[in-house]
Structures are given as C-alpha cells and as structure tokens.
Amino acid sequence: MTVEEIVFSANDRCNQENVIGQLKSGVNAFRVPSDGLEPNWAYMVIAALAWNLKAWFGLMAPTKALRDAILRMEFKTFVNSFILIPCQIVNTGRRLIYRVLSYSRTLEDFFGIFDCIRRLRLA
C-alpha cells in the first residue's frame, strides 16, 4: 500500500467510527427501551432506518456543498433543522394546506430537496 492509500483507509475508518458514534448518541439506536429481545431489535432497526433516511435526504440535495453538509450533520441538528418545521395544517374543501409558521435559513434547502424528491415520481 502506498502512503496515500493508508491515509485514505484511516480516514474511511474514522468516518465509520463517527457513524457508530451518531447511532449511539444521536439516534440512540443502542438504547434498550424494553426488557425483551424483539422490541429492542425493532427499536434499533427503526433508529437505523431514521439515520438512513437522513442520509438519503442528504443525497437528494441539488448541490454538492449542501449534500456534504447534510451528510456530515449530526442527527439532532438534522431533526431540528429539517424535520421540526412548525406548520399549521388546514383541511379545507378537498385538500390539505400546510402553512409554514416560521422561517429558518434551512427552509429553502428543505423545499429545494423536497422538489427534487417530488420530481422523481418513482411510481
């Protein structure tokens, strides 16, 4: 192995340690809320799925800078920035209207990524 390959290999390993650290503290995937094996397994799977959804959301970002920022973002910061958006849901006529109640600097990024996801039309 060359020196560059060793450095890149060590950097990849550090990144995996960061992911494991986020699963431990950010998502609390290794917390055991029950005394049974199956409920704890389900909790860990759901928490890991939440982490993967964060990564998929980041990969849908239209710019590389935003993509890298979301992928490096801690899970709690991601939840506070992109998930906990205060809005009012109004059921009027035959449609639902979502009114965003406050502005944050990540709201434009959220709607840009949401627009990219909506244009996919996987069905």
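List of remarks:
- Condition met for Ala65 (more than 15 Å from the chain's Cα centre (by Cα), modelled with pLDDT of 85 or more, exposed (fewer than 11 other Cβ atoms within 10 Å of the Cβ) and not aromatic (Phe, Trp, Tyr)): yes
- Residues satisfying the stated conditions in segment 1-50, i.e. modelled with pLDDT of 70 or more, outside any loop (DSSP other than H, G, I, E, B) and more than 21 Å from the chain's Cα centre (by Cα): Val3, Glu4, Glu5, Ile6, Val7, Phe8, Ser9, Leu37, Glu38, Pro39, Asn40
- Near pairs, Cβ below 6 angstrom, 6+ apart or cross-chain, from segment 29-54 (aliphatic (A, V, I, L, M)) to any residue that is surrounded by fewer than 13 Cβ atoms within 10 Å (Cβ to Cβ) and at pLDDT below 85: none
- Residue among Arg99, Arg105, Arg94, Arg72 that alone is closer than 20 Å to Ile20 by Cα and loosely packed, with under 15 Cβ neighbours inside 10 Å: Arg72
The values are calculated or read from the model by the stated rules, or taken from the named source; none is laboratory data. The shown structure was predicted, so the numbers you read here are calculated from the model rather than taken from an experiment. Cβ sites come from the backbone with ideal geometry, for glycine too, and all protein chains shown count toward neighbours.
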